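Participant: Following this message is one structure expressed as structure tokens.
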Amino acid sequence: MNFQLPHRTVQKDRFAALFLVVAFVLAGWKIAGRPPAENFATVKQPTAASTNARHAAPETPVTASQPPPKLSADRRFRVDAGFVSSTPGEAVHAASVVELRDGGLRAVWFSGSREGAADVAIKSAVMDAKSLRWSAESTLFERKRLQRGLWRYVKKIGNPVIARAPDGSLMLWMVNVSLGGWAGSSITWARSGDEGASWSDPARLVTSPFLNISTLVKGAPVFYRNGEIGLPVYHEFVSKFAEILRISPEGKILDKTRIPGSQASLQPVLLVADPEHAQIYMRSGRATALMTSATDDAGKTWSVTHAASWPNPDSALAGVVTATGQQWLALNPDSKNREILALLHTHAGGSFDGVKPWVVESSATPQTRLSISDYERVLDEELKAGGASGAQARAYIASARRQLCGAETCSQEFSYPYLLQSRDGYLHLVYTWHRSRIKHVRLDPLLVLQVPQTVPVAPVSINHAPAN
């Protein structure tokens, strides 16, 4: 995959920043002599039934002309919602999810006293395929384990992304920082051959030849027909912009492509329409509008980034392409806050402009901050409906207040979504609920298409993790 990096102007505010700027410019390198990437595989997320043989070819693609996948015979619950995380009082964020071989799910997220704190760890829980109940959470990685595996100091960690690789194993990418803030991030990865029960030692994903800083991950990977992985990443140091890393099945960087004109854009989401065509959608770091770009040559070149019609409150989004080629986005469809979380739908390769949103969750007063007492009451009601005890509810509320409340008022937040379609045809959405819990919604995509939603989903069943 050939690529060119556009020229950019860097403001040299301080002498201390000059050294990092030079390092950052040097990061725009190309690994010479690599053959161009093959076309995108039309299977975006390998299923749990994928072979364990390394370098195995992707499954036969399902095209839009074929009938939709058969949904589960158990239709007692058209929409299910429940909490994934189960440790009261923690600050939680940035969940992602993968389907397991038995039809269950494994979710991962970061959790600690606050974002960026030294006690933040990568947590995980597993959903039982039959009962839809989530297990108590466990710890996959924390700073000390990363430090031992990487042989370097780790200051903080965040943003885990889990996915099934073409060889059938699970891969986990996560952000870690050794010096400074998130702009000094690099990516660490690990592999599991037993569905996430155990993981390899962590390894660095070397995205630049000098310092290896300012590369972060949030969006789901896509795959090429030859088994290589396309991982959407973004940079935050000096200038925000999006890139796609091409990674070998062994986890090595082969190449990278910068999305042209993506300055101030971050956390890219890739939607593959067919082997040649894909779209990319990005969070706007300037809190203006959803940003987008497209390719018609399997990612060798991309159009110049431009604004879509949807606003973006400087907030992450998620996307998925179903087995029938339908495209979905989950986002906060407001320019000012993250108090509404909605789904958008379009056909393969289509535009989301003008699409009517299907609201997943919303504040009752999305343009008005609640008083602290009203905010506590709203959270208390839903937490207890989800099975939390009084003491647990108080701990969750204290965490939410610490992060989302000022001296007198609070903002509600439903943010950082991640989307997956399981083999039974259901869509699974995980997201941050008031910065204090990870929430999971399972829904029938046919229901979304047949019943336009203009008010928040009222779950028929709330399943919750066992109390710790």
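Participant: Can you give me the distance in nm between label points at residue 409 and residue 254, each placed 7 Å from the Cα along the Cα-to-Cβ direction?
Facilitator: For residue 409 paired with residue 254, the spin-label model returns 5.2 nm.
Participant: When the accessible area of the stretch 303-368 is split by element with a 1.4 Å probe, what percent falls to carbon and sulfur?
Facilitator: Whole-percent figure for carbon plus sulfur exposure: 56.
Participant: Residues with beta-carbon under 12 Å from that of residue 334, excluding residue 334: net charge, scoring Lys, Arg +1 and Asp, Glu -1?
Facilitator: For residues surrounding residue 334, the net value is -1.
Participant: Next question, about the same structure. Enumerate the amide H contacts of residue 255 below 5 Å, restricted to partners 5 or more residues apart or on another chain; note that Pro and chain-start residues carry no placed amide H.
Facilitator: 246
Participant: In whole percent, what relative contact order does the stretch 127-243 give with Cα contacts below 8 Å and a gap of six or more residues?
Facilitator: Once divided by the residue count of the stretch 127-243, the mean separation gives 19 percent.
Participant: Sort 284-295, 235-246 for me by packing, meaning the mean count of neighbouring Cβ atoms within 10 Å per residue, highest on top.
Facilitator: Order by mean packing, descending: 235-246, 284-295.
Participant: Still on this structure, please answer the following. Quick check: net charge around residue 297, other residues with Cβ under 13 Å of its Cβ, Lys/Arg +1 and Asp/Glu -1?
Facilitator: That works out to -3.
Participant: On to the next question. Heavy-atom accessible area per residue, the stretch 169-233, 1.4 Å probe: how many Å²?
Facilitator: Accessible surface, normalised per residue, equals 27 Å².
Participant: Continuing with the same structure: Please give the net charge around residue 317, taking every other residue with its beta carbon less than 12 angstrom from that of residue 317, where Lys and Arg add +1 and Asp and Glu add -1.
Facilitator: +2
Participant: Per the Debye formula with a single identical scatterer at each Cα and no solvent contribution, what log10 I(q)/I(0) holds for the stretch 294-343 at q = 0.22, 0.31 Å⁻¹?
Facilitator: Computed log10 I(q)/I(0) values: -0.94, -1.10.
Participant: Now for a separate question. Kindly flag which residue pairs out of 130/156; 123/356; 336/384; 356/439; 218/252; 218/336 have an alpha-carbon separation exceeding 25 Å in this structure.
Facilitator: 130/156; 123/356; 336/384
Participant: For residue 240, which aspartates and glutamates qualify as cross-link partners when the Cα separation must be under 15 Å and same-chain residues fewer than eight apart are set aside?
Facilitator: Straight-line reach from residue 240, under 15 Å: 314.
Participant: Turning to a different aspect of this structure: Which aspartates and glutamates does residue 256 reach when only Cα atoms under 16 Å apart count, and residues fewer than 8 places away in its own chain are ignored?
Facilitator: Straight-distance partners of residue 256: 38, 228, 243, 297.
Participant: Still on this structure, please answer the following. Using label points projected 7 Å from each Cα along Cα→Cβ, tell me how many nm separate residue 307 and residue 286, to one decimal.
Facilitator: Taking the simple label geometry, residue 307 and residue 286 are separated by 0.8 nm.
Participant: So, R0 is 30 Å and r is the distance between the beta-carbons of residue 128 and residue 263; what FRET efficiency does that work out to, to 0.05?
Facilitator: 0.10
Participant: Residue-wise, which Karplus ³J(HN,Hα) couplings in Hz belong to the stretch 255-267, taking 6.51 cos²θ - 1.76 cosθ + 1.60, θ = phi - 60°, and x for glycine or proline?
Facilitator: So the J values, rounded to whole Hz, are 5, 8, 10, 8, 6, x, x, 8, 4, 6, 10, 8, 6.
Participant: In nm, give the distance between the simple-model label positions of residue 117 and residue 201, each being 7 Å from the Cα along the Cα-to-Cβ direction.
Facilitator: If labels sit at residue 117 and residue 201, their model points lie 3.1 nm apart.
Participant: Next up: Compute the convex hull volume of the Cα atoms of the stretch 214-365, divide it by the residue count, and report the result per residue in Å³ as a whole number.
Facilitator: Residue-normalised Cα hull volume stands at 112 Å³.
Participant: With a ≥ b ≥ c taken as the square roots of the eigenvalues of the C-alpha gyration tensor of the stretch 159-297, please select rounded if a/c is under 1.5 and otherwise prolate if a/b is larger than b/c or oblate if it is not?
Facilitator: Judged from the Cα gyration tensor, the stretch 159-297 comes out oblate (a/c at least 1.5, b/c at or above a/b).
The values are calculated or read from the model by the stated rules, or taken from the named source; none is laboratory data. None of the values given here were measured: they were computed from a predicted structure. Note that we place each Cβ from the backbone using ideal geometry, even for glycine, and neighbour counts take in every protein chain shown. The protein model used for the area step is the full one, side chains on, heavy atoms only, and it has no ligands, DNA or RNA in it. Shrake-Rupley method; radii C 1.70, N 1.55, O 1.52, S 1.80 Å.
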